[in-house]
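As structure tokens, the structure follows; a few thoughts come after it.
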Amino acid sequence: MHGPLQSVPLDAVSWGWPAADAVATEYLDRRCLAFADTGLIAPLADVEFTDGAVELDLAVTRERAFHGVVWRLADAENYESFFVRPHQVGNPDAIQYTPVFHGVGGWQLYHGEGFGAPIAFPIDAWFTIRVACAGPRAEVYVADMESPALVIGELKRGLAPGRVGLQVGGPGLHVSGFRYEAGPVTLLAPAPPPITSAPGVVPAWWISDPFEEEGSPGDPVFDPTRLAARRWTQLAAEPSGLVDLARVNGLTDERNTVFARTNIHARQAQTKALELGFSDRAVVYLNGRALFRGNDTYRSRDYRFLGSIGYFDTLFLPLVEGVNELVVAVSEMFGGWGIQARFPDPAGVTFD
């Protein structure tokens, strides 16, 4: 069972949303707000916490949409997010937790257990979403307030206070209530087991500042001055090998590509299999020469292809003895900007 929460009036004074985006009405026998077909992050005024809970009473239609709640919101482009997908109700991606860094939601990077689940929430009926967060963990309840629909073992944005609010993502949303609780909360589900890094994962990458994709190298021989002209930030990989590139860079039409660079140390000259994942597009260079170009953009293969990152490609690297420079130009459209790589057989290789 959950404790009492503070109810919040659904008015523009409390929230600050544009008047045209939320219209008072009656729907399914409740007084509520009908939201316009829009993309809107509406934080609640004057409420901020690190640990706590939020609840949203909503009704959705079956139209393609992404409605939910946000928390630990630092600003309009950096927050934790949970939403339902009414057009995918009951499917594996019916619900989604994702962090947002610099305005880039990472649902193509964070998928599967702990991020989404095949939940059959109601359509054209009232139900409740509850998100409770405590430290690095969170639980999400959808319609069923007794058993969590999602157990999040690690919130990706870390421990920091932030605001809470509402996410409107498309048509068909009605809201009849919003509540919050600030302060310590008790999570009911046991914590998932910690994830350990597998041998062979590239543990860190140097990430450049972003530039236009058309300016990324496409020639068989790489011009090293393109690296010298960039600014660099080192990012450690998650245990899976994933690096969320949006942690350090925002995304614009003019600046949608970065270089990810690492050095591989080989004990001897050898050809070594490297498994690679990226989102959305990548060009791979080893020691200044192009080896691979791939495109995993949303719907680039067929109309159901989500562009989710995974170890779907294997490259055979012709390593020289000593230091080998691996450079990947990674370009993004939307849905998650990332890279990951691992050697299935790491014998004889190490990293900086």
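The values are calculated or read from the model by the stated rules, or taken from the named source; none is laboratory data. Given the structure is predicted, the values throughout are model-derived calculations rather than measurements. Every residue, glycine as well, gets a Cβ built from its backbone with ideal geometry; the counts of neighbours run over all protein chains shown.
From Thr233, Thr196, Thr225, grab the single residue that is free of Cβ contacts under 8 Å to residues at least 40 places away in the same chain, surrounded by fewer than 17 Cβ atoms within 10 Å (Cβ to Cβ) and more than 21 Å from Ala290 (Cβ to Cβ).
Values: Thr196 fails: free of Cβ contacts under 8 Å to residues at least 40 places away in the same chain; Thr225 fails: more than 21 Å from Ala290 (Cβ to Cβ).
Matching residue, one of Thr233, Thr196, Thr225: Thr233.
Any idea which of (1) surrounded by fewer than 18 Cβ atoms within 10 Å (Cβ to Cβ); (2) of a type in the set (A, V, I, L, M, F, W, C); (3) more than 12 Å from Val202 (Cβ to Cβ) is the one Trp337 doesn't satisfy?
Only one criterion is unmet by Trp337, namely (1).
Mind checking which residues of the stretch 206-231 are out of contact with any helix residue (DSSP H, G or I) (no Cβ under 7 Å at 6 or more places or on another chain) and under 24 Å from Glu275 (Cα atoms)?
Hits for the stretch 206-231 are Trp206, Ser208, Glu213, Ser216, Gly218, Asp219, Pro220, Val221, Phe222, Leu227.
How many residues does the stretch 293-332 hold that are assigned to a strand (DSSP E or B) and either modelled with pLDDT of 95 or more or crowded, with 19+ Cβ neighbours inside 10 Å (or both)?
17
Mind checking whether some residue in the stretch 75-95 is farther than 24 Å from Gly310 by Cα, modelled with pLDDT of 95 or more and among the basic types (Lys, Arg)?
No, the stretch 75-95 contains no residue that is farther than 24 Å from Gly310 by Cα, modelled with pLDDT of 95 or more and among the basic types (Lys, Arg).
Kindly provide the set of residues from the stretch 115-133 that are buried (at least 17 other Cβ atoms within 10 Å of the Cβ) and either among the small types (Gly, Ala, Ser) or under 20 Å from the mean Cα position of the chain (by Cα) (or both), ordered by number.
Phe115, Gly116, Ala117, Ile119, Ile129, Arg130, Val131, Ala132, Cys133 - these are the residues of the stretch 115-133 that are buried (at least 17 other Cβ atoms within 10 Å of the Cβ) and either among the small types (Gly, Ala, Ser) or under 20 Å from the mean Cα position of the chain (by Cα) (or both).
Quick one: Tyr285 ticks every box in (1) within 21 Å of the chain's Cα centre (by Cα); (2) at pLDDT 95 or above; (3) hydroxyl-bearing (Ser, Thr, Tyr) bar one, so which box is it?
The single condition Tyr285 does not satisfy is (1).
Of everything in the stretch 67-114, what is crowded, with 21+ Cβ neighbours inside 10 Å and part of a loop (DSSP other than H, G, I, E, B)? Give them in sequence order.
Arg85, Gly106, Trp107, Gln108, Leu109, Tyr110 - these are the residues of the stretch 67-114 that are crowded, with 21+ Cβ neighbours inside 10 Å and part of a loop (DSSP other than H, G, I, E, B).
What pairs come out if I take residues in the stretch 117-146 that are without any contact (Cβ under 8 Å) to a residue 60 or more places away in the chain and pair them with residues that are of a type in the set (Phe, Trp, Tyr) and in a loop (DSSP other than H, G, I, E, B) whose C-beta lies under 8 Å away, six or more apart or interchain?
Every condition considered, the pairs that remain are Val142/Phe121; Ala143/Phe121.
Take Asp57 and decide whether it is of a type in the set (D, E, K, R) and part of a strand (DSSP E or B).
Criteria met by Asp57.
Looking at (1) of a type outside the set (Gly, Ala, Ser); (2) farther than 19 Å from Glu48 by Cβ; (3) more than 15 Å from the chain's Cα centre (by Cα), which is the only condition Gln108 fails?
(3)
Can you tell me which residue among Val258, Val248 is crowded, with 18+ Cβ neighbours inside 10 Å, within 21 Å of Ala204 (Cβ to Cβ), touching a Pro at 6+ places or on another chain (Cβ under 7 Å) and assigned by TED's automatic domain parsing to the domain that holds Asp223? Outline the logic, then answer.
Working: Val248 fails: touching a Pro at 6+ places or on another chain (Cβ under 7 Å).
Just one listed residue meets the conditions, Val258.
What tally of residues in the stretch 160-217 results from selecting those that are assigned to a loop (DSSP other than H, G, I, E, B) and either within 28 Å of Pro239 (Cβ to Cβ) or not charged (D, E, K, R) (or both)?
Qualifying residue count, the stretch 160-217: 28.
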